[in-house]
Amino acid sequence: MTATETAVGEKSYVEAVSGTIAQLMREDDDIFVAGEDVGAFGGVFSTFLGLHAEFGDRRVVDTPISEQAIVGLGIGAAVTGLRPIVDLMFMDFVLVAMDQLANQAAKLKYMFGGEATMPLTITTTGGAGLSAAAQHSQSLEAILCHIPGLKVVFPSNAYDMKGLLVSCVREDNPTVVVKNKLLLGTSCPVPDDLYAIPLGVADVVKEGRDVTIVAVGRMVNEALVAAEKLAADGIECEIVDPRTLQPFDTDTVVASAKKTNRIVVVHEAVQFGGIGAEMTAQITEGAFDYLDAPIHRIGAPFAPVPFSPALEQHYVPNAAKIEAGVRQVLGR
Amino acid sequence: MMDISDDVLRDLHRRMVRIRQFEEGAGKLAEQAKLPGFLHLYVGEEAVAAGACAALTDEDQITSTHRGHGHLVAKGGDFRRMMAELMGRATGYCKGKGGSMHISDLSLGMLGANGIVGAGTPIAVGAAFANRYRDNGKVALAFFGDGATNIGAFHEAANMACALHLPIVFMCENNGYGEFTPREKTMAITDVVDRAAGYGMPGVIVDGMDAVAVYEAAVEAVARARAGDGPTMIEAKTYRYYNHHGVQNMGVQYRTDDEIEAWKKRDPISGLEARMAELGVMSADDATAVWAEVEAELGDAVQFAEDSPFPEPEALLSDVYTVMEGAAR
Ligand SMILES: Cc1ncc(C[n+]2csc(CCOP(=O)(O)OP(=O)(O)O)c2C)c(N)n1
Ligand SMILES: [Mg+2]
């Protein structure tokens, strides 16, 4: 191994969060973590495991159940020079903290004529599939992307999690890192050293000539499963993972659209008004003349997330729906 | 101390036994992987729901929490529909759409368990407002945990209820923890009820392991509310025997075994049974008969739930809105 090479090991999505935060905290005493049960318990999803043991009460703070004050704590500390990482346990609770997020964190800099910097990272965990019902399963990233001033990342694997988390924590703007519950246990090779994946740069996960699947978060894995099935029929899918939803990498997605001429957009969130609607509009604006079929959107139906597995299994988009969508835009 | 009739004692006992058995039954089913989703068990805290709901009429309303089965059982919930809901069946209280965390029965005035901590309290304020507005004599009672008193919704609700002088009771179940974090880490006061004074309502501390004590405090608070004398806050000191959710501890030790055992020694049901035996109100045989009756009720409910169909996929899209006659869509 040369000096420029770093060791790479298999790490889980969860470890990519806790381990990366630990590395960042070792480098910068201005970084602290606050949230519900993030201390000795390590977070209900274990994404903060080990931090309290290493950094103690001063830098890893168990907060009351006070989502507004948790985000406010981060805002006040950030605007006075610290670099907070605050956690909102379930993404559904983002809604409880929405004023602090949308009216405060997102807008202070602009309202103050550029005077403020807001190096605040908010982590949260969304997604359905665990029968956690309507208030513990939502994917609300589109709401956040609609707020000028916020940046939003949605890593689909442990490697991206580490690189995007590094960029978010080092950002001087408020960022939201969306974790997905069903990705927590997934793992992939991840370099031990810190590295940054720049915000706003999509990843072409898989190249292909027949159709582009733009997939968000966990849907990247579902798209890969669908692509493999379709490959057996000679259909070659290109899969683009935006990774950052705000700012959005229009160029990469439009370039792919110009190459394959057929697009399927998929996310787990409710389809109506979802981030896929924005993507569809951008692709239409950037590559209208290249499209051979209407863009096919896949998202959840317009209903709250149901509790019963018998309903939830039909609610969450999956590989089968992606495969059907691809066949539809290809007409075969 | 008020004069508690034998019937009230028997009523409190039955309500608690129903809660205990339902929850133990649910815990077992969860361990057999028969219940999807989260399960927040109420075991240990039975005296609070039983004492509070025994002080209410069937028409009075309650709002509940993520730990809501006990509240619904105490309000008279039907085991069959509850168990079916926990199993995600179409015959459940919420047709399988809500599950454990959203279980509700509007006909019993149970305005829903709640997945958002603290979110039930403002809703109870609204129910209390409507009661006064209609002058119907009903009272609303909000159940919430110690941890919930750290969230803005609780404070806004408490203040508004007092400012508007509404017929409401705030019933805090202080079990010493919010999830895995002890209360001491998240508030600088020992007695949650200290907060009541800041809003201008009386605050009462009761032993939450004693259904009679909870009942007495609740009767007084409900009477105040019904008489138009405004809100009261009651803090019941209690304890949950099982984990925050599910049955087993989750690897990380956040409570000592000694602490758990010490609370179990003050078990609300055996405590009341001993007292009733002493008073000659209930013999050991009588008590056994109640347990057996409830066990049969539970067995029937589990069977009903297991025999019930799952909702059809089409149900996914119904109930999002109330369908308006004549509307375009
Ligand atoms: C707004 C919100 N924040 C966090 C949670 C996660 N959560 C669920 S229960 C709970 C603890 C609640 O503690 P307490 O109010 O004391 O009730 P207990 O569980 O002890 O009965 C937390 C933090 C939530 N459901 N809603
Ligand atoms: Mg509690």
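The values are calculated or read from the model by the stated rules, or taken from the named source; none is laboratory data. These numbers were taken from a predicted model, which means no experiment stands behind them. Please note: Cβ atoms are built from the backbone with ideal geometry, for glycine as well, and neighbour counts cover all protein chains shown. To get the accessible areas, we keep the full protein, side chains included, count just its heavy atoms, and leave off ligands, DNA and RNA. Shrake-Rupley method; radii C 1.70, N 1.55, O 1.52, S 1.80 Å.
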Taking just the alpha-carbon atoms of region B:156-270, what radius of gyration and Dmax come out, in angstrom?
16.0, 49
Under 17 Å from the Cα of residue A:258, which lysines turn up, not counting those fewer than eight places away in the same chain?
A:206
Provide the net charge surrounding residue A:38, with neighbours chosen by a C-beta distance below 10 Å and charges set as Lys +1, Arg +1, Asp -1, Glu -1.
-4
Inter-label distance, nm, simple model (7 Å from Cα along the C-beta direction), residue B:185/residue A:204
4.8 nm
From the square roots a ≥ b ≥ c of the eigenvalues of the alpha-carbon gyration tensor of region A:16-105, which class results: rounded (a/c under 1.5), prolate (a/b over b/c), or oblate?
oblate
Indicate, rounded to the nearest 5 percent, the antiparallel portion of the DSSP beta bridges found entirely in chain A.
25 percent
If you average the C-alpha positions of region A:47-71 and of region A:76-143 separately, how far apart do those two centres end up, in angstrom?
16 Å
Longest exposed-loop-site-free stretch of chain A, with chymotrypsin sites (Phe, Trp or Tyr not before Pro), DSSP loop and at most 15 other Cβ within 10 Å?
A:1-111
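Between residue A:193 and residue A:172, what length in nm is gained on full extension when 0.36 nm per residue of separation is reduced by their alpha carbon distance? Walk me through the numbers before you get to the answer.
Values: separation 21, 0.36 × 21 = 7.56 nm, distance 2.19 nm.
Extra length from residue A:193 to residue A:172 when fully extended: 5.4 nm.
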Computed magnitude of the charge dipole of chain A (debye, nearest 20; Cβ of K, R +1, Cβ of D, E -1):
580 debye
The protein assembly as shown, helix-only ellipticity at 222 nm - DSSP H runs n ≥ 4, -39,500 (n - 2.57), divided by all residues, nearest 500:
-12000 deg cm²/dmol
Nearest 0.05, what FRET efficiency do residue B:256 and residue A:53 give at R0 = 25 Å with Cβ-Cβ as r?
0.85
So what does residue A:63 come to for accessible area, using a 1.4 Å probe and Å² rounded to 10?
10 Å²
Viscosity 0.890 mPa s, temperature 25 °C: what is the translational diffusion coefficient of the protein assembly as shown from Stokes-Einstein with a Kirkwood Rh over Cα pairs, rounded to a whole number of µm²/s?
92 µm²/s
For the interface of chains B and A, what total accessible area is buried with a 1.4 Å probe, rounded to the nearest 100 Å²?
2800 Å²
May I ask which residue of A:230, A:220, A:302 lies farthest towards the positive end of the charge dipole of region A:203-330, with charges of +1 (Lys, Arg) and -1 (Asp, Glu) on Cβ and the Cα centre as origin?
A:302
Counting other Cβ atoms within 10 Å, keep those with at most 15, restrict to DSSP loop, and tell me which trypsin sites (Lys or Arg not before Pro) in region B:205-305 are left.
B:265
Bin all alpha-carbon pair distances of chain B at 10 Å intervals from 0 and give each bin's fraction as a whole percent.
6, 26, 34, 24, 8, 1, 0
Estimated dipole of region A:203-330 in Debye, rounded to 20 [Cβ of Lys and Arg +1, of Asp and Glu -1, Cα centre]:
200 debye
Could you tell me which of rounded, prolate or oblate describes chain A, using a ≥ b ≥ c as the square roots of the eigenvalues of the alpha-carbon gyration tensor, with rounded for a/c under 1.5 and, failing that, prolate when a/b is larger than b/c and oblate otherwise?
prolate
Which residues, if any, in region B:156-183 lose at least 20 square angstrom of accessible heavy-atom surface (probe 1.4 Å) when the other protein chains sit next to their chain rather than the chain being alone?
B:179, B:180, B:181
Which FRET efficiency value, to the nearest 0.05, do you get for residue B:277 and residue B:320 by plugging their Cβ-Cβ distance into 1/(1 + (r/R0)^6) with R0 = 60 Å?
0.70
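With the cut-off at 30 Å, tell me which of the pairs B:75/B:185; A:179/A:229; B:75/B:264; A:321/B:97; B:97/B:185; A:109/A:259 have Cα atoms farther apart than that.
Cα-Cα > 30 Å for B:75/B:185; B:97/B:185; A:109/A:259; rest within.
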For residue B:34, give me every one of the aspartates and glutamates with a C-alpha distance below 15 angstrom, ignoring sequence neighbours fewer than eight places off in its own chain.
B:23, B:24, B:85, B:306, B:307
Report the extension gain between residue B:156 and residue B:133 in nm, rounded to one decimal, defined as 0.36 nm multiplied by the number of residues separating them, less their alpha carbon distance.
6.3 nm
For region B:273-288, in residue order, the Karplus 3J(HN,Hα) values (coefficients 6.51, -1.76, 1.60; θ = phi - 60°; whole Hz; Gly and Pro = x) are 4, 4, 5, 5, 5, 4, 7, x, 8, 8, 7, 4, 5, 4, 4, 4
For region A:39-185: relative contact order, % (alpha-carbon pairs under 8 angstrom, 6 or more apart)
22 percent
Cα-centred dipole magnitude for chain B, charges only on beta-carbon of K, R (+1) and D, E (-1), debye, nearest 20
900 debye
I want to make sure I understand the PRE zone here: with the label point 7 angstrom from the Cα of residue B:291 toward its beta carbon, which residues in region B:238-281 have backbone N atoms less than 19 Å away?
B:241-242, B:264-281
Counting as exposed only GluC sites (Glu not before Pro) in DSSP loop states with no more than 13 other Cβ atoms inside 10 Å, the longest exposed-site-free span of chain B is B:60-324
Bins of 10 Å from zero: percent of alpha-carbon pairs in region A:203-330
14, 48, 30, 7, 0
Sparse-neighbour loop sites [GluC sites (Glu not before Pro); region A:152-240; at most 12 other C-beta within 10 Å; DSSP]
none
Using alpha carbon centroids, what distance separates region A:220-256 and region A:268-294, in Å?
13 Å
Region A:50-149 shape via C-alpha gyration tensor axes, a/c threshold 1.5
oblate
Of the candidates B:116, B:93, B:167, the farthest towards the positive dipole end of region B:6-309 (Lys/Arg Cβ +1, Asp/Glu Cβ -1, centred on the Cα centre) is B:116
Output wanted: per-residue J couplings in Hz (rounded whole) for region A:237-251, from phi through Karplus 6.51 cos²θ - 1.76 cosθ + 1.60, θ = phi - 60°, x for Gly and Pro.
9, 9, 10, 10, 9, x, 6, 9, 9, 9, x, 9, 7, 4, 4
Rounded to a whole %, the carbon-and-sulfur portion of the accessible area of the protein assembly as shown at a 1.4 Å probe is 53 percent
Return the loop-located chymotrypsin sites (Phe, Trp or Tyr not before Pro) in region B:263-329 (DSSP other than H, G, I, E, B) with at most 15 other Cβ atoms within 10 Å of their own Cβ; answer none if there are none.
B:321
